[in-house]
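Accompanying notes for the structure given below.
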Amino acid sequence: MTVRIGVMGGSFDPIHIGHLVAASEVAHRFSLDRVVFSPTGQAWHKEAGTSAPAELRYLMTVVATAADPRFDVSRVDIDRDGQPYTIDTLADLQAQFAKELPGQDAEWFFITGADALADILDWRDPQGILSAAHLVGVTRPGHVLADPGLRPDRISLIEIPALAISSTDIRRRVQAGEPVTYLVPDGVAHLIAKHGLYTGENG
Ligand code: NAP
């Protein structure tokens, strides 16, 4: 039997309920056996001043996904030096999988924001990515889905109403002293408060 694995790539700065709903919905629609969340490493991060360090984004992702047996979190992008290209994320995870379960067939799906996927032609080795995985772009309702025009059989775009929640808005709310209750899992809200994230003082 072929195992169906989703890779949820993102900054997760912070992870929020919309990400969890999106992963769950994609898992349902594509009959995925599991979804591996892969937070980007620090080198990738554009807003060093207002973002959380990679280790805390990783920790928040672990805490947020802990209760769901379908979800795992990988350190491949956190631990790799340099820019974490998706072609490397998929190669590392596929190599790990082949080592853990030799001979086991797997079908791979790379899930991320449709905004991010719209730029895929500028990513490293887009054809290699499309050969390695089916791409699933998730987006908030009302957002115009940009179609990168590449192999429609290998790219799906899906609207997820819960993605009305965004990490940008959560960072803004924390900075403004507004509550993030129910927008992020409780454990994530506790980590944000404990480490003073997004206040402009500690990140
Ligand atoms: P981003 O530019 O920070 O995010 C763009 C938009 O997509 C935001 O609205 C973001 O919402 C949303 N988004 C990002 N990841 C998501 C997810 N997993 N589920 C739902 N929405 C998501 O994008 P990024 O986080 O830096 O990169 C996304 C992924 O694409 C990463 O895995 C990254 O490694 C990969 N990527 C690869 C290349 C390359 O190989 N050259 C280039 C760009 C990106 P939130 O802020 O609410 O998450």
Quiz item: Can you give the calculated 222 nm mean residue ellipticity of the chain, where each DSSP H run of n ≥ 4 adds -39,500 (n - 2.57) and the sum is split over every residue, rounded to the nearest 500 deg cm²/dmol?
Solution: -10000 deg cm²/dmol
Practice problem: Please identify which residues in the stretch 2-24 have an amide N closer than 13 Å to a label point set 7 Å out from the Cα of Ala164, following the Cα→Cβ vector. | Solution: 18
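Rounding to the nearest 20 debye, state how big the charge dipole of the stretch 52-139 is about its Cα centre with +1 on each Lys and Arg Cβ and -1 on each Asp and Glu Cβ.
About 140 debye.
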Quiz item: How large is the dipole of the chain about the Cα centre if only Lys and Arg carry +1 and Asp and Glu carry -1, each at its Cβ, rounded to the nearest 20 debye?
Solution: 220
Quiz item: Hey, rough spin-label estimate for Gln127 and Val144, points 7 angstrom out along Cα→Cβ, what's it come to in nanometres?
Solution: 3.0
Quiz item: For the stretch 69-145, what is the Kirkwood hydrodynamic radius in Å, using each pair of distinct C-alpha atoms?
Solution: 14.0
Quiz item: Taking amide hydrogens as modeled 1.01 Å from N in the peptide plane, which residues meet the under 5 Å criterion relative to Val35, leaving out close sequence neighbours?
Solution: Gly6, Phe71, Asp72
Exercise. Rank Ile160, Ile87, Val174 by how far each Cα sits towards the positive end of the charge dipole of the chain (+1 on Lys, Arg Cβ; -1 on Asp, Glu Cβ) and give me just the farthest.
Key: Val174
Self-check item: Volume per residue of the C-alpha convex hull in the chain, rounded to whole Å³
Solution: 120
Practice problem: Could you give the size of the charge dipole of the stretch 101-184 about its Cα centre, using +1 on the Cβ of each K and R and -1 on the Cβ of each D and E, expressed in debye and rounded to the nearest 20? | Solution: 300
Quiz item: Of the residues Ile15, Ile111, Ile155, which exhibits the maximal mean-square fluctuation in a Gaussian network model of the chain defined by a 10 Å Cα contact cut-off?
Solution: Ile155
Quiz item: So what is the relative contact order of the chain, in percent, for Cα pairs below 8 Å that sit 6 or more residues apart?
Solution: 27
Quiz prompt | Listed residue (Ser38, Trp123, Pro102) projecting farthest to the positive dipole end of the chain, Cβ model | solution = Ser38
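Every read-out reported here was derived from the displayed coordinates using simple, explicitly stated rules and does not represent laboratory data. Bear in mind that the values here come from a model prediction, so they are computed numbers and not experimental data. Positions of Cβ are backbone-derived with ideal geometry, glycine not excepted, and every protein chain shown enters the neighbour counts.
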